Amino acid sequence: MARLEVVKGDITTFVADAIVNAANEQLQHGGGVALAISKAAGPELQAFCHNLPTVATGDAVVTPGFNLPAKFVVHAVGPIWQGGTNGEPGLLFKAYYRAAQVAVEAGAKTIAFPSISTGIYGYPIEDAAEMAVAALLEALADFLMIEKITIVTFSDEDFLVFSEATEGLFD
Ligand code: ADP
């Protein structure tokens with residue numbers, strides 16, 4: 001069974017030990033997938049995040065999942081796309097890898113990721129998908145307790161791009 005899969009769906013209803021949030025450094029869940037996760041988790045999540053220090057771009061922090069099916073939310077901060085020459089690829093790689101690491105440290109064996117940075121943060125989806133898959137393969141190699149990582153894409157187009165990026169990996 002492949003340890004990395006791509007599905008299309010809504011990450012807020014996804015059943016996994018941990019779901020990853022595409023967060024900002026302030027952990028203010030004001031739009032996109034962050035707002036959807038915040039609404040589904042209930043007001044306790046944003047309140048909990050108010051008491052946490054800011055998170056650097058490329059890093060991640062774990063909180064409880066509150067009313068979500070997931071036990072944990074891992075808030076990962078991807079880079080804002082600025083043309084690609086400001087270290088965005090390395091920071092995106094790090095955000096995915098650190099999210100997996102932080103989830104493992106919390107005890108998660110199944111982890112769901114959205115497409116980090118490709119919404120409001122403007123990262124081109126094809127490049128982002130390539131970097132995401134590279135980072136997640138490295139995390140799966142390093143953290144053998146992870147049973148499954150699922151990339152939960154939100155649109156048909158994103159599903160196709162991520163499916164192509166993972167094609168043939170496990171044949
Ligand atoms: P960022 O600021 O990191 O770009 P966004 O939340 O704007 O984050 O977008 C990240 C991705 O999450 C986008 O591809 C967006 O379509 C997707 N997304 C939005 N809502 C959901 C959801 N409920 N489940 C999964 N993905 C979602």
- What ranking of PHE143, PHE48 emerges when the number of other C-beta atoms within 10 Å of each C-beta is taken as an exposure proxy, fewest first? PHE48, PHE143
- Task: Among DSSP beta bridges lying fully in the chain, give the percent that are antiparallel, nearest 5.
- Result: 25 percent
- Can you run phi through the Karplus equation (6.51, -1.76, 1.60; θ = phi - 60°) for the stretch 136-150 and list ³J(HN,Hα) in whole Hz, with x for Gly and Pro? 6, 5, 5, 5, 5, 6, 7, 10, 6, 6, 6, 8, 7, 10, 10
- aspartates and glutamates within cross-link reach of LYS39: Cα-Cα under 12 Å, excluding same-chain residues under 8 positions apart? none
- Query: Within straight cross-link reach of LYS148, meaning Cα distance under 21 Å, which lysines are found once same-chain residues fewer than 8 apart are removed?
  - Reply: LYS8, LYS71, LYS94, LYS109
- Query: Which FRET efficiency, nearest 0.05, do PHE48 and LEU144 yield, Cβ-Cβ r, R0 30 Å?
  - Reply: 0.50
- Task: Of all alpha-carbon pairs in the chain, indicate the percentage at a distance above 21 angstrom.
- Result: 40 percent
- Query: Who wins for biggest fluctuation among SER38, SER117, SER155 in a Gaussian network model of the chain, springs between alpha carbons below 10 Å?
  - Reply: SER155
- Query: What percent do you get for the relative contact order of the stretch 4-162 when only Cα pairs under 8 Å and 6+ apart count?
  - Reply: 31 percent
- Query: Scanning the chain for GluC sites (Glu not before Pro) in DSSP loops with at most 14 other Cβ atoms within 10 Å, what's the longest stretch left with none?
  - Reply: 26-146
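FYI, it's all coordinate maths here, none of it is from the lab. The structure presented is a predicted model; accordingly, all values stated were derived computationally and were not measured. Note that we place each Cβ from the backbone using ideal geometry, even for glycine, and neighbour counts take in every protein chain shown.
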